Amino acid sequence: AQGAEEWVSGPLLAHVKHFGPTFAWSVQAHLQQRHNALVRRCVGFKEWQTPALNDLDVLAFTEDGLILVVECKSSPDIPFNHLVHFVQRVRAFPADISLLLIDTESESLITEYVQQIVTILNREPVAPGQRHLYEGSLIYHVTENLYVANTTGGIDPALETTLCLQSGSKQA
């Protein structure tokens, strides 16, 4: 039996392999509506010749002057080289917030990916104070501008908590 709030894939969606573009569009719409941000999806730069790097899922400029890059992963199975490319984009693009947003409810997967990113960055393991829970979403503040979050509570808590954490660290 299905609940009234449940979505189920039907036969018309059998050919759809992933919902990445829809996920990125949802993030774009949220930032436009909640923050009146100028937002673009699937952004590339002619200066970045490496195709693996030249793919920002969501690039946003908020009214508060923050620059956000959101990497949207609709599948919780992320190859290690995708994490490497994400870290390279974080280093190459001067965003105030670089968020890896993973559509999963699994806390253990998020923790595993954070530890892999820490290894890529050649840093110490993430301290417990850098782990935040809000309305079900788990958010890790990995470096000054790098965050990893899941969507257990939806994209709203993940994005809003990340924005609050970054605003708080800017004021400190």
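Read the figures in this text as sums done on the coordinates, not as results from a lab. Everything numeric here is computed off the predicted structure, so don't read it as measured data. Cβ sites come from the backbone with ideal geometry, for glycine too, and all protein chains shown count toward neighbours.
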field: Under Karplus coefficients 6.51, -1.76 and 1.60, residue-wise ³J(HN,Hα) of segment 106-121 in Hz, glycine/proline x
entry: 6, 6, 5, 5, 4, 4, 4, 5, 4, 5, 5, 5, 4, 5, 4, 6
- prompt: Do any GluC sites (Glu not before Pro) in segment 71-172 lie in a DSSP loop with no more than 11 other beta carbon atoms within 10 Å, and if so, which?
  reply: E144
Sparse-neighbour loop sites [trypsin sites (Lys or Arg not before Pro); segment 85-172; at most 16 other C-beta within 10 Å; DSSP]: R123
query: For T143 and I120 in one chain, what is 0.36 nm times their gap in residues minus the Cα-Cα distance, to one decimal in nm?
result: 7.0 nm
statement: Taking a ≥ b ≥ c as the square roots of the Cα gyration tensor eigenvalues, with a/c under 1.5 meaning rounded and otherwise prolate when a/b beats b/c or oblate if not, segment 54-161 comes out rounded
